[in-house]
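The values are calculated or read from the model by the stated rules, or taken from the named source; none is laboratory data. In this text, all values refer to a predicted model and were calculated from it rather than measured experimentally. Every residue, glycine among them, receives a Cβ derived from its backbone with ideal geometry; neighbour counts consider all protein chains shown. Only protein heavy atoms, including side chains, enter the accessible area calculation; ligands, DNA and RNA are left aside. Shrake-Rupley method; radii C 1.70, N 1.55, O 1.52, S 1.80 Å.
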Amino acid sequence: MKKLFHLICVSGIAVLIGCQPEGKRSLHGGIPTASQQLDSLFQSHFEQDLFHGGVVITQYGERIYESYWGLADRSWGIPFDKEVKLDIASVNKSMIAALALKAVEEERLKLDDRIASLLSGFSYQGEFHADITLHHLLTHTAGLADYDGVAEALRQDNFLKFKRSRFTDAAYVDFISLLAPIGEPGEQFHYSNFAYHLLAIILADTYSKPFAELLKEKLTEPLGLRHTVSEGLNERLIPQLAQAYTHQASTGEWLENPFIDLSLSRRIFSTAADLSRWAQVMDNPGWLKAASLELIQQNHLSGISKDVSYGYGWVIFDKENKSKMGDLGIDTPYIIHGGSTDGYKALLININQGAYVISFLSNVGNRTNEMQLAQKITEILMKKP
């Protein structure tokens, strides 16, 4: 069953020009092309059950590698193809941040708006620091807790009770307001999923429509991302959605991940191809203005953190800014964001303003080491021996 299905779809493969790193020779005695090396890499990872999913790589907007490996649904033996969606996990932060900048451009919001004012229409028992702004939420400098700040009873079994809790927007604002802060706004970087969940709620409230509708109207339809959707109800079907799995090393079994309520965090589902197109938007003013794209891709943590460089929804790497998060070990500038949730893994990278865009999604949980895989991909693409 493990190797029952193996579907590869390669389209628009271009041979990369230049000297290739030392490696296995091709069938004709030459050095393997980048595409052949990438095939070997993903074949190896697939055979070890380290990757089941899809990958798309572009060079200056042209697709040079695309492939799909393994099973999207093990119960039915359904293989991956280019239209199968996966949870993009925290890669959704790049989209939520961009929607916030779109709202700023439309003069619906300002980056220095205080969230206490933005949430004034909600009733909550706790409090939010009076100085927290939209900018603080976008940069993880609001002083808000992350999942580790919830009550002990909700942390058990990998936060299972918490993940199965159903929230309305109002109930979720109330829940977050009661969490103990970790510091003052603007003083330190503390990665907070709750900050971005609040952003999604603020956006939905600002436009008076559910986040899923807002995402479709403002982002996916204008940009032609036909296979990117959000959903807030488990009862609704998401067409061609891959299941996510955890491998039990002791028994060799694959277990389908348990029920998780979709209302919790405005989850977004997409494909490797759609994510690749999304990353390329960061280099092309139009949907967003050039000034907004510059804000998204600049490090806002200067003077706050020496360990992390973060823009709005992206980790930033350039000559001046480095980060412990997302380090590919290359000197070329790039932006990156990954995601991991309940069996899904996602990674999106834009190297040197579209010189290469790497997008991949997998459904075998921690069997996929996304950063290690990305480093191997960039070694091939950047022709490093």
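What to note about this one:
- Any chance ARG226 is at pLDDT 90 or above and either in a loop (DSSP other than H, G, I, E, B) or open to solvent by 30 Å² or more (accessible area, probe 1.4 Å) (or both): yes
- Test: residue in segment 251-258 that is more than 28 Å from LEU154 (Cβ to Cβ), in contact with a strand residue (DSSP E or B) (Cβ under 8 Å, 6 or more places away or on another chain) and open to solvent by 30 Å² or more (accessible area, probe 1.4 Å): no
- Screening the candidates LEU225, LEU237 for the property of being in contact with an Asp or Glu (Cβ under 7 Å, 6 or more places away or on another chain) and of a type outside the set (Lys, Arg) yields one hit, LEU225.
- For SER90, the requirement of being part of a loop (DSSP other than H, G, I, E, B) and among the hydroxyl-bearing types (Ser, Thr, Tyr) is not met.
- Where a residue in segment 213-225 is in contact (Cβ under 8 Å) with a residue 60 or more places away in the chain and its partner, wherever it lies, is open to solvent by less than 90 Å² (accessible area, probe 1.4 Å) and among the hydroxyl-bearing types (Ser, Thr, Tyr), with Cβ under 7 Å and at least six apart: LEU214/TYR207; LEU215/SER230
- Matching residues, segment 32-64, being at pLDDT 95 or above and assigned to a loop (DSSP other than H, G, I, E, B): GLN48, ASP49, LEU50, PHE51, HIS52, TYR60, GLY61
- Listed by first and then second residue, the pairs with beta-carbon distance under 8 Å, at least 6 apart or on different chains, first residue in segment 272-294 and over 20 Å from LYS216 (Cα atoms) and open to solvent by 20 Å² or more (accessible area, probe 1.4 Å), second part of a helix (DSSP H, G or I) and at pLDDT 95 or above, are ASP283/LEU293.
- Checked against (1) at positive phi; (2) modelled with pLDDT of 95 or more, ILE336 meets all criteria but (1).
- Candidates HIS135, HIS129: the one that is open to solvent by 10 Å² or more (accessible area, probe 1.4 Å) and in contact with a Leu (Cβ under 6 Å, 6 or more places away or on another chain) is HIS135.
- With respect to the stated conditions, ASP331 fails to be more than 23 Å from LEU101 (Cα to Cα) and modelled with pLDDT of 95 or more.
- Any pair with Cβ under 6 angstrom, 6 or more apart, that starts in segment 110-136 at a residue that is free of Cβ contacts under 8 Å to residues at least 40 places away in the same chain and closer than 14 Å to LEU179 by Cβ and ends at one that is part of a loop (DSSP other than H, G, I, E, B) and not aromatic (Phe, Trp, Tyr): none
- Top-ranked residue in segment 337-360 [being of a type in the set (A, V, I, L, M) and touching a Phe, Trp or Tyr at 6+ places or on another chain (Cβ under 7 Å); ranked as surrounded by the most Cβ atoms within 10 Å (Cβ to Cβ)]: LEU347
- Filter result for PRO181 (open to solvent by 40 Å² or more (accessible area, probe 1.4 Å) and either farther than 23 Å from PHE128 by Cα or touching a residue at least 12 places away in the same chain (Cβ under 8 Å) (or both)): yes
- Close pairs (8 angstrom Cβ cut-off, 6 or more residues apart or separate chains): closer than 25 Å to TYR207 by Cα and open to solvent by less than 60 Å² (accessible area, probe 1.4 Å) in segment 148-171, in a loop (DSSP other than H, G, I, E, B) and polar (S, T, N, Q) anywhere: ALA170/SER123
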